[in-house]
Structure formats: structure tokens, C-alpha cells
Amino acid sequence: MSSVQIKSKKERLSFFVNPELSNKVNQISKQTKLTVSEIARKALINYIDEIEKEKIEKELEAGYKANYDYYLKSQSEWKYADKE
């Protein structure tokens, strides 16, 4: 699920791209019958989602590393739980 929600109110963003990128976006626009603005919105949403996913993965990794000793101790405490 996307973390960016598209509402009916919109704001204008202006930015420059090189001619090669502009040509590619225009070709995709014609192929997909999407406006250049819609393609840009989708690209920005995907990029933001990717950045946020990477951030969460790094936070999870840091948490696992910070609790490594605890997990190791817990594992050793349960080492013989299933053996009789």
C-alpha cells in the first residue's frame, strides 16, 4: 500500500529534465495513454515508497543488531526444551 495518498486538492511542482528524459516520458505517455503529470506522480510515489521501505528495513536491522545478545541468550535457554 502506498504511503502517499492522492487527494483531490493538488499543488503544482515545476522541475527541469534533460531532453532525453523528456522524450522517453512523452513516448511512454503516448504508449500508456497517461498524462506526463500522471507518470510523474506515479514515479514520485514509487520513489517515496522505496525510500520509506529502505528506512524501515534499516531500522529493523538496527533493532535486531541492538537485541542480538538478548536473542542469543533466549535461544540458548530454550536449547533443550524439545529434548527429553
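Any read-out appearing in this document is the output of simple, stated calculations on the displayed coordinates, not a laboratory observation. From a predicted model like this one, the values you see are computed outputs, not experimental measurements. Every residue, glycine as well, gets a Cβ built from its backbone with ideal geometry; the counts of neighbours run over all protein chains shown.
Here each label is just a point 7 Å from Cα along the line to Cβ, and for Ala43 and Phe16 those points are 1.6 nm apart. Compared with the rule-of-thumb size 2.2 N^0.38 Å for a compact globular protein, segment 19-77 has a Cα radius of gyration ratio of 2.05. With respect to the chain, whose longest principal axis is taken over its alpha-carbon atoms, helix 36-66 is tilted by about 10°. Can you work out the FRET efficiency for the pair Ser8 and Ala62, with r the C-beta to C-beta distance and R0 = 35 Å, to the nearest 0.05? With a Förster radius of 35 Å, E is 0.35.
Rounded to the nearest 10 degrees, the inclination of helix 19-32 to the longest alpha-carbon principal axis of the chain is 90 degrees. Extension gain for Tyr70-Asn26 works out to 10.4 nm (0.36 nm per residue, less the C-alpha to C-alpha distance).
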